[in-house]
Structures are given as structure tokens and as C-alpha cells.
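**Student:** Here it is, the structure, as C-alpha cells.
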Amino acid sequence: MVGYGHIFDQQMYPFPQQAIREEWASRFANGTAVTIALLDGVAVGVVGVAANRLEALFVVPDRWGQGVASQLHDHALARMTADGHEQARLEVLADNLRARRFYEQRGWELSGRTRVTPWPPSPKLVGYSRVL
């Protein structure tokens, strides 16, 4: 888990892959709109939107820095705007500095919301919001 290795030590606290799969299955079942970025027929990224929440945005590491995340991000915001929302929200792991820089460069601001994840070592999530 390239993007999370510094948060989930693979020896002590492996990334909770099964729990994340179950979370995504729940999102599908509960109406999260999911968009998959394809390159030559291969999935290279995904974004999920539920109402005014950007639920998740992931890009495979070998496609980082190629604009995939920006396109998915912009698609998600356009969807929220088209659905009539005026403000967007998201949560990101506090120690995921790469993601935090990505969102902050696109106008997201810390909202003051925080919570702890249920997966050991229980990293903290921080909330962001932005006007659409």
C-alpha cells in the first residue's frame, strides 16, 4: 500500500483491505455514485460521490502525477454542482500529506471535523469542505 505504508505499518498494522472492500460494497448499496477512470481499458482510478460528499478518490500509484486524480476530482465536483449542492465535504487521513496537499491546492479548507478510524493503529481523519 504505497500511499498508506507510513500510516499502516504492514508488519504491525496491515492496511485493512477487507474492511475497505466491505465499505465500498456498502457505498454501492447505499447509492454512492462511482466513476472509474480507464486508460486503455484498465482501471487506473476511482472516485465516489454521495450527495455533497466526496467519499473517496484513489489513483493507482503508477499513474500519480498524470492528471487522473485532477480529472476525477473535477468530475466529482461537477456532479455535486449539477445535483444542486453549494458546498462539498470530504475526509482524509490526517497523515496522508500528499492527499491533503492535493485537496488544499484545489480550494478545500479544513472544517474542524475530526474522527478516529476503526482500524488499528486508529489513525485520525480530518474533514475538509469547499464552496462549489
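The values are calculated or read from the model by the stated rules, or taken from the named source; none is laboratory data. On a predicted model such as this, the values are computed, not experimentally measured, just so you know. Every residue, glycine as well, gets a Cβ built from its backbone with ideal geometry; the counts of neighbours run over all protein chains shown. Surface areas here come from the heavy atoms of the whole protein model, side chains and all, with no ligands, DNA or RNA. Shrake-Rupley method; radii C 1.70, N 1.55, O 1.52, S 1.80 Å.
**Student:** Given a 1.4 angstrom probe, what's the average accessible area per residue across the chain, in square angstrom? It would help to have the intermediate numbers written out before the result.
**Tutor:** Working: 7790 Å² over 132 residues.
Normalised by residue count, the accessible surface of the chain is 59 Å².
**Student:** Considering amide H positions built from the backbone, and no H for Pro or chain starts, which residues 5 or more places from Ala94, or on another chain, come under 5 Å of its amide H?
**Tutor:** Correct list: Lys124, Leu125, Val126.
**Student:** Right, here's the next one. Can you pull a Stokes-Einstein diffusion coefficient for the chain at 37 °C (0.692 mPa s), Rh from Kirkwood over Cα pairs, as a whole number of µm²/s?
**Tutor:** The estimated diffusion coefficient comes to 212 µm²/s.
**Student:** While we're on this one: Assign one of three labels to region 70-120, namely rounded, prolate or oblate, based on the Cα gyration tensor with a ≥ b ≥ c the square roots of its eigenvalues; rounded applies when a/c is under 1.5, prolate when it is not and a/b is larger than b/c, and oblate otherwise.
**Tutor:** In terms of gyration-tensor shape, prolate.
**Student:** Rounding to the nearest 20 debye, state how big the charge dipole of the chain is about its Cα centre with +1 on each Lys and Arg Cβ and -1 on each Asp and Glu Cβ.
**Tutor:** In debye, rounded to 20, the chain gives about 240.
**Student:** What's the extension gain from Val116 to Val60 if we count 0.36 nm per residue and subtract their Cα-Cα distance?
**Tutor:** 17.7 nm
**Student:** OK, next. Would you please give the FRET efficiency between His75 and Asp95, computed as 1/(1 + (r/R0)^6) with r the Cβ-Cβ distance and R0 = 25 Å, to the nearest 0.05?
**Tutor:** After rounding to 0.05, the efficiency reads 0.40.
**Student:** Carbon and sulfur atoms: what percent of the 1.4 Å accessible area of region 63-132 do they account for?
**Tutor:** 47
**Student:** Taking the simple approach of a point 7 Å from Cα along Cα-to-Cβ for both Lys124 and Val34, what is their distance in nm?
**Tutor:** The two pseudo-label positions are separated by 3.1 nm.
**Student:** Still on this structure, please answer the following. If amide H atoms are built 1.01 Å from N in the plane of the peptide, which residues on other chains or at least 5 residues away come under 5 Å of the amide H of Leu132?
**Tutor:** Under 5 Å from the amide H of Leu132: Gln87, Ala88.
**Student:** Please list, in order along region 40-46, the HN-Hα scalar couplings obtained from phi with the Karplus expression 6.51 cos²θ - 1.76 cosθ + 1.60 (θ = phi - 60°), rounded to whole Hz, x for Gly and Pro.
**Tutor:** 6, x, 10, 5, 10, x, 8
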